[in-house]
Amino acid sequence: MAGTLTSPPKLSADSAGVSRSHLWGRRIALVSAGVLIFMLTAWILSDPVEHLSTDWTAFDTAADRVFAGEDVYRPYDAETEPLPYLYPPFALWLALPLGLFGFAGSFFLSALFTACCLVFGLVWMSRAERAEVDRSTGLVVGLASGAAVSSTLIGQYSGVYALAVGGAAHAYSNDRKSVAGAFLALLWLKPNLAIAVPIVLLWSRSWPALRGFSIASTLIVLASLPFGLERWSGFFSNVEMMAQLQEDGVVPFRKMVTVLGSVQTMFPMESISPVVIGIWLISTAIMGVSVLELWRRAALDASPVRAFGALALFLVAANPRLYFYDSTLVVVGMLGVWLHAQSSGSERYRRLISRLAVATWFVLWGGIFVSLNALVGPIAGLTLVLVAVDQRFPRVFEGQPALTNGPTDL
């Protein structure tokens, strides 16, 4: 009736700009993570010194040895050196501040550093997507993932990898390609991650990014000079030792999140067999072709968030050795792929990527439920291949036309 005042309609989750499924996804992720964090906290408090003596203590010990003028790189020994320092000499700059604090202060500094890197990496990756999409859900779920929680808890450097890829994607999407390359140079913190970067930059003819990567890489290596060139021989010796331990089956494959680790876990053998190596090489070749498809210059410029997200998934799934805390790269990679899927492709494709994202969030709790680690690499690799198929053969997933803006349902 004209002139009659009526109360405004209540906004549903969809009309407010966020789908109900996304809201429920946030709630479930936060509640689940909260419960597990509470359980972990209770476990830690039962014996703080014993239960907090994880990976960060190796960095703390390395700092103490630098200040004392002692040898940092000592070979693995179950009794005297259970957590040998395995990072390049320039990484000692990250460890040195830990030597200025006591046990508790060193732990909190390590955890804070990892958490900050993760937050910045995920935020930058979300902002790399140019379309209007539901970034908040991706950020909430990503930060409430098992990889984020476990890597923060043990003070690992893995947050830097998320920062490298997320920062690179954001810089590239804003036409700061040299800066993007410089961000990717941070991956030299774990050299087996960085070796694929020059290949994709050359393939895509991203010369400014390659220049930024080269300059930053040179500066990073030069940063090791104050610690002495002899540190490099100790680093290479420890890396070779750990590779041999992995080949001999001493290093626990159940904690790895790669395809190689998955195959070795599912078909346990005393050492890596030719069959396992063959499966790994074939899967790596398939994933490699998929990455190159998404890093063709036209595809890269059309969606940097998708290309950098796919690269992050590849770096984990195809790697010979990465542990559960390194799957922070899977978090930032899946975020990039999922954000792009919201704004493009068919409805069927969006739903498929969303379901894979849910599965990924679940298996990333392998830091607590170790058996889940065997699924991280295969799911990341499958996602990568499907994204490449959608780029190359979009009709495969054709169905209901995709919405260009607004929320999507799982």
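Every number in this text was worked out from the coordinates using simple rules, so none of it is lab data. On a predicted model such as this, the values are computed, not experimentally measured, just so you know. No Cβ is skipped: glycine too gets one built from the backbone with ideal geometry, and neighbour counts run over all protein chains shown.
One table, with the values for the structure above:
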{"read-out": "Quotient of C-alpha Rg and 2.2 N^0.38 Å, computed over segment 168-251", "value": "1.32"}
{"read-out": "Positive-end extreme of charge dipole, segment 117-215 - chosen from I215, N174, I195 (charges on Cβ)", "value": "I215"}
{"read-out": "Nonlocal amide H pairs with D55, under 5 Å, H built at 1.01 Å", "value": "none"}
{"read-out": "FRET E, pair I44, E398, Förster distance 51 Å, beta-carbon r, rounded to 0.05", "value": "0.55"}
{"read-out": "Point-charge dipole on Cβ atoms (K/R +1, D/E -1) for segment 20-397, about Cα centre, debye to 20", "value": "1920 debye"}
{"read-out": "Among A148, Y76, G309 the positive-end extreme of the charge dipole of the chain (Cβ point charges)", "value": "G309"}
{"read-out": "On Cα atoms only, tilt of 347-363 relative to the major axis of the chain in degrees", "value": "30 degrees"}
{"read-out": "Zero-based 5 Å bins, Cα pair distances in segment 187-325, whole percents", "value": "2, 9, 15, 18, 17, 15, 13, 9, 3, 0"}
{"read-out": "Dipole of the chain, positive direction: furthest Cα of A63, S344, A42, with charges on the beta-carbon", "value": "S344"}
{"read-out": "Helix 304-317 vs. the chain, principal-axis angle (Cα, 0 to 90°, nearest 10)", "value": "40 degrees"}
{"read-out": "Ellipsoid semi-axes in whole angstrom, largest first, where each is sqrt(5λ) of the Cα gyration tensor of segment 63-114", "value": "19, 13, 12"}
{"read-out": "5 angstrom amide H check on N319, placed H, neighbours 5+ away", "value": "V259"}
{"read-out": "Net dipole in debye of segment 174-272 [+1 Lys, Arg Cβ; -1 Asp, Glu Cβ; about Cα centre; nearest 20]", "value": "520 debye"}
